[in-house]
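The structure appears below as structure tokens.
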Amino acid sequence: MKRMKPLIALFSFLFVVVLLIPTVLVVPFNDRETGNLAEELRERGAAQSAKATENGPDVEVAVYRSKERRIEQIPLEQYVVGVVAAEMPAEFEIEALKAQALTARTYIVKQLLNDQPISIPKGANVTDTVMHQVYYSNDELKRLWGSDYKWKIKKVTEAVEATRGQILTYSNQPIEASFFSTSNGFTENSEAYWENEFPYLKSVASPWDEQSPKFYHRKVMPVAEFERKLGIHLPKDGSVGVILSRTPGKRVNMVEINGKKIKGREVREKLGLTSTDFSWVRKGDEIIITTKGYGHGVGMSQYGANFMAKQGKTYDQIVKYYYRGVEISSATAFLNQLTVKK
């Protein structure tokens with residue numbers, strides 16, 4: 001029995017050691033792994049929080065797809081990509097595309113804040129047409145661009161990402177970010193084309209536009225059609241009309257045709273002209289109309305922006321040239337207003 005006691009004691013000691021060794025080995029490693037995991041989760045959460053703060057809240061745009069006659073909910077930045085791709089050639093300089101991204105994002109943020117959709121189905125914020133901003137989905141762009149899709153969508157997406165969360169403001173409010181294709185050498189005062197006057201939409205020189213393929217346009221129209229569309233009768237002496245006044249942007253403000261006064265914008269719209277900077281001449285039974293520029297002329301000239309970019313101007317320089325006195329601001333505070341409304 002005396003021999004058994006030491007053996008029992010030895011076995012008891014070994015048993016305790018066997019139980020303790022795993023605990024001694026595992027606890028320090030578990031503490032370290034748990035600590036690392038916790039730290040990793042904290043870092044990940046901080047990064048996600050920072051990213052959310054930078055980009056603003058997630059906002060979707062309710063776009064009425066005119067061809068399918070349905071409303072589609074599209075994430076805001078994805079919507080901006082589709083607008084830039086539709087509204088400006090992907091071949092344009094990257095800085096011009098960035099400027100276009102700013103106008104597109106500013107327009108939709110202001111539209112969402114105003115929440116006053118005109119002539120669109122209930123529940124939609126905008127259409128995908130020129131009534132608001134033209135928008136193409138990825139599938140539409142694939143069909144449109146074909147084999148060029150990959151490089152074009154990459155370039156447009158890069159331009160949008162480079163300006164993510166940025167909009168144009170004046171007096172801390174989103175601006176009316178109007179744009180058009182090609183000027184006649186000058187942009188136009190907003191009140192010269194529309195009723196409202198905006199201090200940042202003033203005429204500036206845009207001499208680069210003369211290089212645009214859309215700078216000149218010629219239209220030939222039968223005299224009878226000309227008279228019918230304008231609701232006038234041309235004088236017997238072979239003359240067409242007299243320009244009474246021009247706008248600050250050197251476009252036609254008012255003409256007089258055989259005693260009738262007509263606004264330049266009305267002439268453009270009724271005759272389907274590319275610009276309100278027009279001249280005309282009668283040759284026999286036809287009216288030959290020559291226009292300079294393409295579009296209403298208010299805001300940013302797209303071709304002007306592209307030529308500025310080619311000269312080394314950055315997107316912020318471009319937008320601040322065409323929109324006088326504006327700032328590039330974060331859209332976050334405005335997007336937060338939208339989430340509060342919901």
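The values are calculated or read from the model by the stated rules, or taken from the named source; none is laboratory data. Quick caveat: nothing in here was measured; it's all calculated off a predicted structure. Please note: Cβ atoms are built from the backbone with ideal geometry, for glycine as well, and neighbour counts cover all protein chains shown.
Tabulated results
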{"quantity": "Residue in the stretch 88-125 that is farthest from ALA309 (Cα to Cα), counting only those that are of a type in the set (S, T, N, Q) and at pLDDT below 95", "calculated": "SER119"}
{"quantity": "Residue, farthest from ALA305 (Cα to Cα), within the stretch 321-337, restricted to residues that are touching a Pro at 6+ places or on another chain (Cβ under 7 Å) and not in a loop (DSSP other than H, G, I, E, B)", "calculated": "ASN336"}
{"quantity": "Inter-residue pairs, beta-carbon under 8 Å, first within 11 Å of LYS219 (Cβ to Cβ) and assigned to a strand (DSSP E or B) and in the stretch 260-285, second at pLDDT below 95 and not β-branched (Val, Ile, Thr), 6+ apart", "calculated": "TRP280/GLY241"}
{"quantity": "Residue under evaluation GLN211, criteria (1) touching a residue at least 40 places away in the same chain (Cβ under 8 Å); (2) under 22 Å from LEU102 (Cβ atoms), criterion not met", "calculated": "(2)"}
{"quantity": "Given (1) at pLDDT 95 or above; (2) crowded, with 22+ Cβ neighbours inside 10 Å, index of the condition ASP128 fails", "calculated": "(1)"}
{"quantity": "Which numbered condition LYS152 fails, given (1) in contact with a Phe, Trp or Tyr (Cβ under 6 Å, 6 or more places away or on another chain); (2) within 17 Å of VAL80 (Cβ to Cβ); (3) without any contact (Cβ under 8 Å) to a residue 40 or more places away in the chain", "calculated": "(3)"}
{"quantity": "Unique match (being modelled with pLDDT of 95 or more, surrounded by 18 or more Cβ atoms within 10 Å (Cβ to Cβ) and either over 18 Å from GLN100 (Cβ atoms) or over 26 Å from the mean Cα position of the chain (by Cα) (or both)) among LYS229, LYS292", "calculated": "LYS292"}
